[in-house]
Every structure is written in C-alpha cells, then in structure tokens.
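This report concerns only the one structure given below.
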Amino acid sequence: MKKIFAIAYFILFSGFVYFLNAQEHCGFDVLHATRMANDEHYRNQMNDMEFKIKAILKSQKQNYRSQSPIYDVPVVVHVIHLGEAIGTGTNISDAQIKGAIQTLNNEFRNSNGTGVDMQINFCLAVRDPNGNPSTGINRVNGTVVPKYSIGGISNPYYNTCGNEKAVKDLSKWPFESYLNIWVVSKICGGNISGYATFQSGSVYDGVVILST
C-alpha cells in the first residue's frame with residue numbers, strides 16, 4: 001500500500017499542479033522550492049521518494065500485465081469553514097466534493113479516451129482511522145484559529161495568517177492511510193488557489209485548495 005500511495009501522490013500532485021497552473025495560480029512550485037532550499041529533512045525525503053518512485057515504475061514496467069489491478073486510494077476531505085450552513089459560502093456541499101472527485105477520476109482513468117489510464121481510483125474514505133463508518137468528509141469551524149477568519153491559512157512561504165499546523169490539526173487523518181485534502185476559505189499570499197506537497201511524513205502532507 002505504501003508503494004501505491006507513493007505513486008498516487010506523484011500522479012495526483014502532478015495533475016493537481018498542472019490543473020491549477022492552467023486555471024489560476026498554484027503555490028506548489030514556490031513552496032516546494034522554498035522547502036527544498038531550507039528544510040534538510042524535506043529535501044532528503046524528496047530525494048528518497050524520487051528514488052523509490054523510479055524503482056517502482058521500473059518494476060511495474062518489467063512486470064507489466066495487460067489486466068493490471070485498479071488501486072483505490074481513500075481520500076478524506078476536511079472542510080475548514082467559517083461557520084456557514086452546509087452548502088453555503090466556504091462550507092461547500094457534499095455534492096460539490098463528490099463532483100470534484102469524480103472529475104479527478106475521469107481525468108486519471110482516461111474516461112475521455114485521449115490519455116492514459118493510470119489505474120488509480122480516488123474515493124472518499126468509508127472508514128475513519130478507528131474503523132467507524134465515515135462519509136470521508138469532515139467539517140470544522142476554522143474561526144477558532146486566530147487570524148483564519150480574516151486571512152485564511154498560512155503556508156511555509158507566507159506565515160502571517162492562520163497558522164497552517166493549527167488549521168490542519170483541527171482535522172487530520174494519518175497520511176500513511178489516507179490522502180488528506182483541506183478545503184479552506186483563503187490561502188495567505190496573494191492569488192494562490194491551492195497547493196500540494198509530496199508525501200514526506202510531515203504536517204504539510206496533503207492538498208490545500210480554496211473552497212471557491
């Protein structure tokens with residue numbers, strides 16, 4: 001499963017960054033470059049992941065089968081809203097979340113027939129870390145974090161708004177078993193629409209994206 005998560009992170013983040021760059025503004029490149037330059041642990045994790053991914057892809061190519069299995073990656077979406085009712089403002093509806101994941105899967109499963117089927121399916125988690133039934137969607141009022149209601153979430157490059165760790169700690173599942181996606185009201189630092197980090201074993205692991 002760890003191997004699949006490594007590939008899933010690589011594929012999802014590559015596509016996520018491409019999509020945001022095509023549509024608006026993605027903060028991944030700046031954040032990644034900053035952490036690579038200043039965070040030795042992160043840099044070592046990235047180098048190790050790159051090595052592992054290359055080894056995995058090489059192994060898969062050597063053991064290619066015409067009918068490869070489809071791997072499901074459980075996703076948990078944390079909606080960090082401003083106290084609105086569900087379906088209003090920053091507290092986006094279940095239908096919006098499910099629609100976004102379906103769109104993502106259509107792209108990565110090559111539903112339009114113009115690309116490559118990556119054979120990875122992203123799905124909302126049906127069990128929480130304790131084994132209890134779950135919708136895969138958590139909703140938390142983020143106004144309890146100082147400065148979040150005004151400036152949104154900070155990030156490793158812009159840190160003058162709601163503390164990133166404090167915001168993510170409101171709702172976060174183990175990155176080893178789930179892909180965490182935080183939907184936030186604002187992202188500190190201008191016109192950033194979202195950013196993603198490679199799986200490195202840190203508090204930053206996952207995807208952060210605007211609710212609108």
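Points worth noting:
- Stretched out straight at 0.36 nm per residue, the stretch from Glu84 to Asn132 would grow longer than its current Cα-Cα span by 14.6 nm.
- For Cys123, the residues whose modelled amide H falls within less than 5 Å of its own, excluding neighbours fewer than 5 places apart on the same chain, are Val73, Val75.
No value in this document is a laboratory result; all are computed from the given coordinates. Bear in mind that the values here come from a model prediction, so they are computed numbers and not experimental data.
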